[in-house]
Structures are given as structure tokens and as C-alpha cells.
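Just passing along the structure, written as C-alpha cells.
The values are calculated or read from the model by the stated rules, or taken from the named source; none is laboratory data. This is a predicted model, so every value here is computed, not measured. Cβ placement follows ideal geometry from the backbone for every residue including glycine, while neighbour counts extend to all protein chains displayed. Keep in mind that these areas ignore ligands, DNA and RNA; they rest on the heavy atoms of the full protein, side chains included. Shrake-Rupley method; radii C 1.70, N 1.55, O 1.52, S 1.80 Å.
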Amino acid sequence: MPLTKERTQQIFAEYGGKAANTGSTEGQIAQLTERISQISGHLQQNKKDFSTHRGLMQLVGKRKRLLNYLQKNDLTGYRKLIEKLGLRK
């Protein structure tokens, strides 16, 4: 189930500064984290859904690349975002 438009705006307003700032790295990472948690819940019920598992791995990789970018360019923002989202790293 994809994210609704309202939920996407909430995520970007909370993490990206404004709802219209959809290009912010922090907002993109938060949105990917939300999608990853939804897909993980789906895969717990549907263990043999291998195509969704592949999509999940792609999202995790994209989030990892964005986190590496954020870590290189804004270390304090990276640390705050990791703590706020509850990611382990």
C-alpha cells in the first residue's frame, strides 16, 4: 500500500522543513523509512512474496546511499535524523 498524499506531506513537513520541500535529503530518508516499515509488515504475513522482497532491498539500498550522503555533508543533521527515526547505525 503506497503512502497517501497527506501522510507524505506530514513526513516532509516534519523532517524536511516544509511540506513542499520534497527534495530534502532528510525528508526522503524519512519517507523511505516509512515505506520500508510498511513493506516489512507485509512480508511478515506473506513470506513467499519474493518480488516485494526485492523491492524492499532496493529501498533499503537507496536509503543507505542517502544516509551516506547526509553523513558526508551534514554530520549533525545525520545524527539527529538517526536518533529521531530510531535507525541503528
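Go through region 1-21 and give me each residue that's assigned to a loop (DSSP other than H, G, I, E, B) and over 14 Å from the mean Cα position of the chain (by Cα).
Scanning region 1-21 gives 1, 4, 17, 18, 19, 20, 21.
Filter region 1-42 down to the residues that are more than 18 Å from residue 86 (Cα to Cα) and among the β-branched types (Val, Ile, Thr), then identify the one that is least open to solvent (accessible area, probe 1.4 Å).
8
Let's see how each residue does on (1) surrounded by fewer than 10 Cβ atoms within 10 Å (Cβ to Cβ); (2) over 15 Å from the mean Cα position of the chain (by Cα):
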| position | (1), (2) |
| --- | --- |
| 44 | yes, yes |
| 49 | no, yes |
| 52 | no, yes |
| 67 | no, no |
| 75 | no, yes |
| 86 | yes, no |
